[in-house]
Amino acid sequence: MARTTPSRPLDLAAVFPELAATARPVTRLHPRSGAPTAGDSSVGGPLLWPRDEAWPMCTKTHEVYEVVEFAAVRAAHHLSVARWSRPDDRRPTAEEEEVFERARPKEFGDLYTAPVPLLPVAQLYARDVPGLPCPDGTDLLQILWCPFMDHHDDIPAVQLHWRAADEVTDVLAAPPEPDVIELEEYWPAPCVLYPEQVVEHPGLSQLPADLGARVCAWQEETGHYYNAFSGAPGWKTGGWGAPEWREETPTEPVRCTCGAVALPLFTLGGAEWHGNDEGAWRTVEDADDRRCYPPVGDPTNVRLGDEKLQILRCPGHADHPPVVARVY
Ligand SMILES: [Zn+2]
Ligand SMILES: [Zn+2]
């Protein structure tokens, strides 16, 4: 079943003709809790990783205060999913209680020096994701991160790998996994994707000052700009990049090391819709989302406080390193 963003509540170009030129395609990934395989696009799913290629490890010494047992986090998640599928009997058994107990954070308060296998964050096949800017000869993007956040400026250590999927004939079946991770919410839970391309407009701070001030006034009066046009919530590719600040003061864009304004490649974290957006981003197929675990529109388990993470790319050179930024 596809997932569909409702049509916009009004014609933005009729209110602000200047904004017609700022519409950019963005692909909402619409992750939903599931059991993806290495042959699927996914969040938190198994990667199509060549058996003869070393699995990426973070070798930094991490300063951590608490850790949580990785296998227990995953087991507790799957138990919770299963419990919610049996509506009449959600009381955990004694064995289940034991798993939930193991999945609680434990004090660590030391330097964690062992190498840490990175965790799969997402895998995107070009065939599934409209507009995925694959470098020549590739059709698959894999994103991994270190499940400890003690990195420069608390920006997670993210790795990107572009591949040609048909070159991976011998797939690594059981990648190494960390014994512990820093927080439960740094484990992306397995989700299948229902990508959908829609249109997104820039944040107020990305507009010229005069136009930004007028749109800001309209936003304060009606709420429509952020509710329905700018900053599509949830996991997505493309669209407008950092900063997604909700302020009218123009802000410097994020740049590649070569100086070019970087383009957003991938945005992660956050729910697909909020209570206050009047349903503009809630997919029509999920209009009746009952309370469940995980929440229909927020199934990835990933939390970065109030922030999202954006991975931006050089517009001209596929070999320039990506830029990673936290955005609101
Ligand atoms: Zn690390
Ligand atoms: Zn560059």
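Coordinate-derived values only; no laboratory data. Model, not experiment: these values are computed from the prediction. Every residue, glycine among them, receives a Cβ derived from its backbone with ideal geometry; neighbour counts consider all protein chains shown.
Taking 0.36 nm per residue of separation and subtracting the current Cα-Cα distance, fully stretching the chain between residue 104 and residue 37 would add 21.3 nm. The distance linking region 83-161 with region 1-64 is 14 Å (Cα centroid to Cα centroid, whole angstrom). With each label modelled as a point 7 angstrom along the Cα→C-beta vector, the residue 318-residue 94 pair spans 5.8 nm.
Return the lysines within reach of residue 236: Cα separation strictly under 18 angstrom, same-chain partners fewer than 8 residues apart disregarded; answer none if there are no such residues. Straight-line reach from residue 236, under 18 Å: 308.
Rounded to the nearest 0.05, the FRET efficiency derived from the C-beta distance between residue 152 and residue 288 at R0 = 35 Å is 0.20. For the chain, the relative contact order works out to 24 percent when only alpha carbon pairs closer than 8 Å and six or more residues apart are counted. The H on the amide N of residue 180, modeled in the peptide plane, is under 5 Å from the matching H of 70, each at least 5 residues off or on a different chain. Seen through its C-alpha gyration tensor, with square-root eigenvalues sorted a ≥ b ≥ c, the chain comes out prolate because a/c lies at 1.5 or above while a/b is bigger than b/c. Secondary-structure-derived ellipticity at 222 nm for the chain, considering helices only, amounts to -4000 deg cm²/dmol, per-run term -39500 (n - 2.57) for DSSP H runs with n ≥ 4.
Amide H contacts of residue 139: 163, 164, 165, each under 5 Å away and 5 or more positions distant or on a separate chain (H built 1.01 Å from N in the peptide plane; Pro and chain starts excluded).
Note on region 189-207 and region 256-289: Cα centroid distance 4 Å, given to the nearest whole angstrom. Where both residues lie in the chain, what percent of DSSP beta bridges are antiparallel, nearest 5? Taking every DSSP beta bridge with both residues in the chain, the antiparallel ones total about 95 percent. Simple spin-label estimate for residue 84 and residue 306 gives 2.5 nm between the two label positions (7 Å along the Cα-to-Cβ direction from each Cα). Per-residue Karplus couplings for region 9-19, computed as 6.51 cos²θ - 1.76 cosθ + 1.60 with θ equal to phi - 60°, are listed in order as x, 7, 8, 4, 5, 6, 8, 10, x, 5, 7 Hz, Gly and Pro entered as x. Per-residue 3J(HN,Hα) values for region 314-328, derived from phi via the Karplus relation 6.51 cos²θ - 1.76 cosθ + 1.60 with θ = phi - 60°, read 5, x, x, 10, 5, 8, 6, x, x, 10, 10, 9, 8, 10, 9 Hz in sequence order (x marks Gly and Pro).
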